Every structure is written in structure tokens, then in C-alpha cells.
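Engineer: Please read through the structure below; I'll follow up with questions.
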Amino acid sequence: MKKINGLCLSIAIVFLVCLVGTPVLAEEKIGFYDMDQVIRNSDAGKKSIEGLKKIVDKSKAVIQEREEELQKLKDELEKQRSLMKPDVLKDKEATYQKKYRDYQILVKDSNEELQGKQQDMAKEFVPEIMKIVRGIGEREKYSLIIDVYTVPVAYWNRTNDLTKKVLDEFNRTFKPKK
């Protein structure tokens, strides 16, 4: 929802700038930065991403183990289906279905854990990055600074790309919360 509001706001600003005319455009100073690059390439971001990778690898191993177990059960069930009595077959199918539901819950829980960790990282980094962007905007007299990761921009002049400046300042000033 915030992305949609941001997109609508950005579109409205672009239209307003176009409507006002070229003389005003010359006076305006618009900058761009990429929030995703700042997070991914910052020292704190790299640490957090490494922590996320460990969680993913751990979850992947457990999930893969369960997948193999399920595949063995399924193969065994298919091979022996014609030889089993109906009540034994029903029990084996019920066991398989239960394990399959457990597997689905495991995958869902793993995904939710990862999303939660990503959201925690964003909650910690984004306000600090926004404060830095605001500071750069005020110091350097920008009329508008757009996050090209959040708001799709077809073209922008790379001389107005502030990503490196934001990244350097973020690395220099950010203190992770313990």
C-alpha cells in the first residue's frame, strides 16, 4: 500500500513539474538513490544478509530432508499399493498426508521466519537511511529525492545519483541496535 501511495505521489509530482513549465525545471534540483543497493552494499546490510543466508541454508537443509522422506514414502506407497490390504493402504496414505501437511507447515513457517527477519532489517535500516537522505536533501538544496527501488523511474541522469553518497554516510554513521 505504501509503494502504491509513493508511486501515486511520485507520478503527481512529475505531472506538476511538467505542468509548471521549463523555466521552473531549470531551478529544480532532483536527486535519485537506490534503497536496495544501500542496504545490500552497506556494512550492516552485508552482516544482516549473511545472517539471513544462514537461516535460509538451515531451513533448506531441513526442508530438503523432509522432501526426501516424503518422496520415499510416496514411492513405497506406489510400489506396494496393489499388494496392501485396504485398511493398511488407508493407514499408509493417512500417514503420508499427515507428513505432507507437516512439511507444508514447515515450509510456511520457514518463509514467515525469513520474512520477519527481512522486515526487522528494514525497520532498523530504512529510518536511518531516510534521515540521511533528508539531510543530504537539505544540505545540498534538493527539491526532490526519489528512491528508484521503490518508485520505477524509466530514466534519470546518473550525475544526480546519490546512492554512493547515501551508502558512504550510512556506513559512517549507522550504529546497529543490540
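Engineer: On the principal axes of its Cα set, how long, how wide and how thick is the range 46-96? Give whole Å, largest value first.
Structural biologist: 56, 16, 7
Engineer: With θ set to phi - 60° and the Karplus curve 6.51 cos²θ - 1.76 cosθ + 1.60, what are the ³J(HN,Hα) couplings of the range 136-144 in order, to the nearest whole Hz, using x for Gly and Pro?
Structural biologist: Per-residue couplings from phi come out as 4, x, 5, 4, 9, 6, 7, 7, 7 Hz.
Engineer: Karplus couplings for the range 124-135 from phi (6.51 cos²θ - 1.76 cosθ + 1.60, θ = phi - 60°), rounded to Hz, Gly and Pro as x?
Structural biologist: The phi angles translate into 7, 8, 4, x, 5, 5, 4, 4, 5, 4, 4, x Hz.
Engineer: Straight-line reach from Lys99: which lysines have Cα under 25 Å away, leaving out those fewer than 8 places along the same chain?
Structural biologist: Cross-link targets: Lys58, Lys60, Lys72, Lys74, Lys79, Lys85, Lys90, Lys108.
Engineer: Extending each Cα 7 Å along its Cβ direction at Gln104 and Thr150, get the distance between those two points in nm, one decimal.
Structural biologist: Calculated label separation equals 3.6 nm.
Engineer: Sticking with this one: With 25 Å as the limit, write out which pairs from Lys54/Lys131; Lys141/Lys164; Lys46/Lys177; Lys98/Lys123; Lys29/Lys165; Lys47/Lys131 have Cα-Cα distances beyond it, or answer none.
Structural biologist: Pairs exceeding 25 Å: Lys54/Lys131; Lys98/Lys123.
Engineer: Another one. Please compute the Kirkwood hydrodynamic radius over the range 40-178, one decimal place, Å, based on all pairs of different Cα atoms.
Structural biologist: Hydrodynamic radius (Kirkwood, Cα only) of the range 40-178 equals 19.5 Å.
Engineer: Which peptide among 86-93, 163-170 comes first, and what is the full order, when sorted by highest mean count of other Cβ atoms within 10 Å?
Structural biologist: Output ranking for 86-93, 163-170: 163-170, 86-93.
Engineer: For the range 58-72, just list the computed ³J(HN,Hα) in residue order, Karplus coefficients 6.51, -1.76 and 1.60, θ = phi - 60°, integers in Hz, with x standing in for Gly and Pro.
Structural biologist: 5, 5, 4, 4, 5, 5, 5, 4, 5, 4, 5, 4, 5, 5, 4
Any read-out appearing in this document is the output of simple, stated calculations on the displayed coordinates, not a laboratory observation. These numbers were taken from a predicted model, which means no experiment stands behind them. Neighbour counts are summed over all protein chains in view; Cβ atoms, including those assigned to glycine, are modelled from backbone coordinates with ideal geometry.
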